[in-house]
Amino acid sequence: MFSLESGFRKPTNPGEKVIVAAASNNVLFLGTDAGRLLRWDVLHEDLEEIRLVRAPKDQPRRIFPDYETRDFIVSFGTADNYYVKETLRYNATGRLSFGAGAGDRPRALGRIRGVTLTAAHFMPLDTCHLFLNTLDPKTPPSEGEVSGNRNNQRLILLGSDNGVILGLFVDSTTGKDENVVKLWNVPGAETVYGIRGEIVSNVAMDKVYAFVAIVSTSNRLYQFVGDANLEIFEKNPHVLEISPVDSEMSHKSKAATASSSQSPHLPTTKLSNNKSVIQRLSFFTWNRGRQAQKFCWISSVGIIHGELDWRRAIRSYSNCIMNKALIRLDGNNSLRSSVLLAASLTEFHIVLLYSDRVILVNQLSGKIIQDLNINFTSSLRSVPPQFATITPSSQVTRINASDMVQDIVNNALWIYASNGYFLRLSCDNEEEGIWKVALSVNRFDVAMRLSQTEEQVRQVFLAQADWLADVSGSYKEAAKLYAKTNKPMEEVLLKLLEAPWTHSPGEPNPIMEYLLSLLDQLSADLPMQRTIVATLILEEYCKELCIPCIVESETKQPLREDLDAFLQDHWKDLDLKTSFFILLSHGLWDAAVTLSICSKKLQNAIQICIQNKAYRKALDIMQQADDPEMFSKFGSFLSLHVPEELASTALFHGKEAVVRVVPALLRTFHFSSDGNICRKALNGCLKLLETLQDDPYYCKLIFYLYALDKDENAALESFHRVYPKLEPQQLLDYCMFAMRCCHLGHFGKGCVQVFQSLGMLSDALELACRIDPNYAKEVVSELTKLVDNTQLVERFWLRVALATGGSNPVALVKVMEDSNGKLQMEDIMPFMDDFSELDEEMKNAVCHSLVSSQSRIQSAIEVSSRADETVEELYREMEELKKKKMERTIKDKNVRYYLTFPCGHCFHNKESVLHAWMDLKRDDNFLYESMHLLDDSYDNIGKYLAEQCPFCGEKMIETIDRDISL
């Protein structure tokens, strides 16, 4: 699986030793005992020597690379620190130039001069804006110094040997240190051996959620979690502390230290010269150096490794470490002793470097899976001409390893010796077989992620289900996973039936969970199996819902909702006849209704509701139905219990449903012994009939119901609303029916209104006077506005006066005043009692009225006399005109005469008059008799025509000899 790849050329001079190294982006950064700094691109075989402006007095001590660029920070033993940027090193001839110009040489980091760096981490370039202006700088620029462009600043987290955590802001274009911020002091001033910062964000939403910083010392691991700013270092960190030696031991670490053939012993961590193990913190990352997934920490008691769960940081700013394990390196049972030089990690393994070998330990099981011997070969690749002087020795037999560095960008591991030989640890298909290892240690999430076939997935589900059931006792979760396996249903059900599980009342039990999950897994091509499983689920629901403790508690409702959801989703998988029998036998009629509705058997659902007296629910179902026939089938029964609600439901469905419900409500109104139901049935029926007023039949029915209900006002309102809409041939029939209804309901006023509608005004007034004189006064007031006959109106008022006042003069005078002049005092005097018995005021009023009346009579007599004289004068004038007309004779028969009459009729000649007379069709005895008496001679015709118009009998007053246009 793992192998050591050799054959890389030696980049150092003969006799020169590599004392420090780092890797990033396929570039190795080397520091030698000669004080040289080398940047070696192993991918392109490109080597560059970095020259400083001022050569330090000591050797390079630590190198910290940037995983996004080829920049790095180098720290010397004299506490001098430099920031080295990537430079363009190709000249015009295309040859490499070792020495860059003085202006391009690395900058000394003056703001941290004197600080011995032991750890550093470059924060991503696109996150620096999150940390600007979060804290006031602890080291402000010196006087006269101008700060660079803040948009180009880069944040670098630094750790020192005295336990100080710093934040260094560097200009990413020039490499100049712009500012430094003191963030935190490690308790006890312990040396910082590792540091990393992580921005936890939602990439899709481009929204930052949290900032996590991890700091390690020799025996503690600190985690700072908070918002994306440097203020997280002011909060108390989460601490992973190593004390005592055998703490933090999981089943994986115990397995790694157990004495067995499958778990080889690990060497001791102590050197013969009493030097301690190198302290280091390594990470395995995705996305080219970002998003660390796992960590490996060499502590004082062993190697602690684990996973990082960033979701915890987003949710609650809590501890991000999970599934941590300890690999102890005590070597108590070791066959031989060796020195642990370094440790790092791959995706699934821990890599332990010793001077002569590399041991690979599985992270999940804690067992050694491979042991590789280190062999630096001398058969190296050809050396470019410019490095001809740097030829390695060909006489290399065995060289011990010095250290191991990790390229965090591509997770490559480089092992090197002090004399400049390099090996690269490569792996071919590291994931192979890991899913089985994860399965053996109950890391089912990893096993599921690495499973490649459906069979492997089923094995993972089966193993996880067995572990949940047998070890954890989580039978519900196990039941859901059993449904995803190929384990026979009988075996699973027997196992669950025998298991000592308990569940909360009102929740599905493990058997139900298994059957529900199994039903979801079954293919639609297996209808018989699906029906069997669905029926078993239904039986389980019925059994759970019939348990007394559930029936009497409030926990029944969630389980009932689950049953309804099951019926809605899987009613097609059930045999309906069997399911109805099961549900009704357990008394779950409401679930049977749900099943009926889902299967579109609404008639069955309504019947079940009526049988269980759930009338309102039955109406709700009828409202969902589109078939008005439902109202014919169930309207008679529902009207006996919920008549008003039935009427409202029928109104929702329209006229067809209304017509079907009205007879049922009428039967309930007539025959129900419950007065309240009768009243509701009547109200509901009237509500429905209001929508059918265009039909004369239903108009009569409305009036009839009001008559039965003795509601005269409503009946009259209905009569006045319907009466104007009726045609003449319908009016008499409706009025006669209304009259019978008025007699049935004893509606006196209704009869008066009917008489008025029929034109029987005298009868209407007479009846009104008998009912109520005041009402009669209202009636005659209306008739006064409608009748033009003054004499008839006076008679009406006299009848009202007689009915209202009788012989009481005061009441009679009041009626006279209300008549607005229609009655005079002489009209009501005959109805009064003895004049002598009246009071003085009344007598004065009567006398005044008589005097006024006498004056009016005398004036009328004078007017009449003058009129008679005028009539006689007019008669004499007419006679004279007649004589003048008779004196005129017809001189010539061919002469055309034009005749005109006062009435306006005009004729051209006597013949046209005669023809008009013969064609006349009038029912006038006088004119017909005149026509029969006429003689055919022109003289007789002319004589007659000289007297009157044949159409209207008016006297002719003139004969003219010209045409007149009328």
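Candidates are the residues of region 141-183 that are part of a strand (DSSP E or B) and polar (S, T, N, Q); the one that is modelled with the lowest pLDDT is Gln153. Quick one: is Ser504 touching a residue at least 24 places away in the same chain (Cβ under 8 Å) and surrounded by fewer than 21 Cβ atoms within 10 Å (Cβ to Cβ)? Here the answer is yes, as Ser504 does meet what is asked.
Consider Lys749 carefully, then state whether it is charged (D, E, K, R), modelled with pLDDT of 75 or more and out of contact with any Lys or Arg (no Cβ under 7 Å at 6 or more places or on another chain). Yes; evaluated as a whole, the condition is true for this residue. All conditions but one from (1) free of Cβ contacts under 8 Å to residues at least 40 places away in the same chain; (2) surrounded by 17 or more Cβ atoms within 10 Å (Cβ to Cβ); (3) in contact with a Cys (Cβ under 8 Å, 6 or more places away or on another chain) apply to Ala768; the one that does not is (3). Given the condition among the polar types (S, T, N, Q) and at pLDDT below 90, answer yes or no: does some residue in region 491-503 qualify? Yes, some residue in region 491-503 is among the polar types (S, T, N, Q) and at pLDDT below 90.
What residue, among those in region 597-616 that are basic (Lys, Arg) and part of a loop (DSSP other than H, G, I, E, B), is farthest from the chain's Cα centre (by Cα)? Of everything passing the filter in region 597-616, Lys613 is farthest from the chain's Cα centre (by Cα). Take Thr594 and decide whether it is in a helix (DSSP H, G or I) and more than 32 Å from the chain's Cα centre (by Cα). No, not satisfied. Taking the conditions exactly as written (in a helix (DSSP H, G or I), within 39 Å of the chain's Cα centre (by Cα) and over 14 Å from Ser517 (Cβ atoms)), does Asp445 satisfy them or not? So Asp445 passes the test.
Name the residues in region 466-485 that are part of a helix (DSSP H, G or I) and over 24 Å from Asn362 (Cβ atoms), would you? Across region 466-485, the qualifying residues are Ala469, Asp470, Tyr475, Lys476, Glu477, Ala478, Ala479, Lys480, Leu481, Tyr482. The combined condition, being assigned by TED's automatic domain parsing to the domain that holds Glu539, touching a residue at least 24 places away in the same chain (Cβ under 8 Å) and among the charged types (D, E, K, R), is fulfilled by Lys556. A count restricted to region 289-313 and to residues that are crowded, with 17+ Cβ neighbours inside 10 Å and in a helix (DSSP H, G or I) stands at 3. Checking region 664-677 against the condition returns no match, with no residue being aromatic (Phe, Trp, Tyr) and under 24 Å from Gln753 (Cβ atoms). If only residues of region 525-568 that are within 33 Å of the chain's Cα centre (by Cα) and of a type in the set (S, T, N, Q) are counted, the one that is modelled with the lowest pLDDT is Ser553. For region 473-490, the count of residues that are of a type in the set (Asp, Glu), within 17 Å of Leu536 (Cβ to Cβ) and either in the same structural domain as Asp520 (by TED's automatic domain parsing) or in contact (Cβ under 8 Å) with a residue 24 or more places away in the chain (or both) is nonzero. Give the number of residues within region 717-765 that are under 25 Å from Val793 (Cβ atoms), out of contact with any Leu (no Cβ under 9 Å at 6 or more places or on another chain), of a type in the set (A, V, I, L, M) and surrounded by 20 or more Cβ atoms within 10 Å (Cβ to Cβ). Of the residues in that region, 1 qualify.
Confirm whether Val215 is at pLDDT 80 or above and outside any loop (DSSP other than H, G, I, E, B). Here the answer is yes, as Val215 does meet what is asked. Of all the residues in region 5-36, those that are outside any loop (DSSP other than H, G, I, E, B) and at pLDDT below 90 number 1. Residues of region 13-30 that are more than 18 Å from Ala342 (Cα to Cα) and surrounded by 21 or more Cβ atoms within 10 Å (Cβ to Cβ): Val27 alone.
The values are calculated or read from the model by the stated rules, or taken from the named source; none is laboratory data. This structure is a prediction, so every number in the text was calculated from the model and none was measured. Quick reminder, even Gly has a Cβ in these numbers, built from the backbone with ideal geometry, and neighbours come from all protein chains shown.
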